[in-house]
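Bear in mind that the values in this text are calculations on the coordinates, not laboratory data. Note that the coordinates shown come from a computational prediction; the quantities given were computed from them, not determined experimentally. Cβ atoms come from the backbone with ideal geometry, glycine included; neighbour counts cover every protein chain shown.
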Amino acid sequence: MESRLVEYFTKRRREKNLRLSETARRLGYKNINRGCNRLTEFEHEGRIRGDLLAKLAAVLDIDEATVQALLEEDRQRFADEWNQWASEPIRPYIVTRLIPGVYNSTAVPDELATLEEAEVYASAEGRRLHCQSWLVWTRRMTVCFDENGVRTKIRELGPGDQSAPLMRLGGKHFLLGTGVIKWPQKPPQL
């Protein structure tokens, strides 16, 4: 997701002819490389701590009302994109926790057409493997089971929620056997 906040801040920094190093110095960084890295992370990935965002706004002469309006616009765009993404149909799958930190996923067989049938199957799989499991029925709904195959809860998901546990390595989320999952990115928080 392109962030209006990031676009605005980057454009403002360039209009003021501030290099990253000069901006980092004005932000008070003694270690200029660290400051440049944090600014680059913000400008390329949209991630920034709230206190640094407030300082950067002051350095770039951006008022609080503008920052809040841009944050709200980004939040709304994020929610809209997430809802569109979450509404796309998926092939249901089961995630099993093999050992702490290691998960695997398998597709629900095509012949299981209803949620009830898929729950029975997921419960049996969790019981067979004696592992916690999650039936990801849609991007909005996950059914959780304990290691005995007993359903513990149904999770209704909203913007930014993840439908199943994920491993994280180098900032990428994934499940073994499924590849990288591209979640819509949350806008920075102030």
(request) Can you bin the stretch 1-46 into rounded, prolate or oblate? Criterion: square roots of the alpha carbon gyration tensor eigenvalues sorted a ≥ b ≥ c, rounded for a/c under 1.5, prolate for a/b above b/c, oblate for the rest. (result) oblate
(request) Would you kindly state how much longer the chain becomes between Leu27 and Leu112 on full extension, computed as 0.36 nm times their sequence separation minus their alpha carbon distance, in nm to one decimal? (result) 24.8 nm
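Between Lys16 and Glu73, how high is the FRET efficiency from 1/(1 + (r/R0)^6) when r is the Cβ-Cβ distance and R₀ = 22 Å? Nearest 0.05.
Values: r = 22 Å, r/R0 = 1.02.
Plugging the Cβ-Cβ distance into 1/(1 + (r/R0)^6) gives 0.50.
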(message) I need the phi-derived Karplus couplings for the stretch 120-130: 6.51 cos²θ - 1.76 cosθ + 1.60, θ = phi - 60°, integer Hz, Gly and Pro marked x.
(response) 4, 5, 4, 4, 5, 5, x, 5, 4, 8, 6
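Between Ile154 and Glu45, take the C-beta separation as r, use R0 = 41 Å, and let me know the FRET efficiency to the nearest 0.05.
0.80
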(message) Quick query: amide H of Tyr103 versus all other amide H atoms, modeled in the peptide plane; which residues come in under 5 Å with a sequence gap of 5 or more or a different chain?
(response) Leu98, Leu176
(request) Report ³J(HN,Hα) in whole Hz for each residue of the stretch 154-160, in order, from the Karplus equation J = 6.51 cos²θ - 1.76 cosθ + 1.60 where θ = phi - 60°; Gly and Pro get x. (result) 10, 9, 9, 9, x, x, x
(message) How big is the dipole moment of the stretch 17-166 about its Cα centre under a simple scheme where the beta carbon of each Lys and Arg is +1, that of each Asp and Glu is -1, and everything else is neutral? Debye, nearest 20, please.
(response) 800
(request) Give the long-range amide H neighbours of Tyr93: residues separated by 5 or more places, or on another chain, with amide H under 5 Å away, using H modelled in the peptide plane at 1.01 Å from N. (result) Val108, Val136
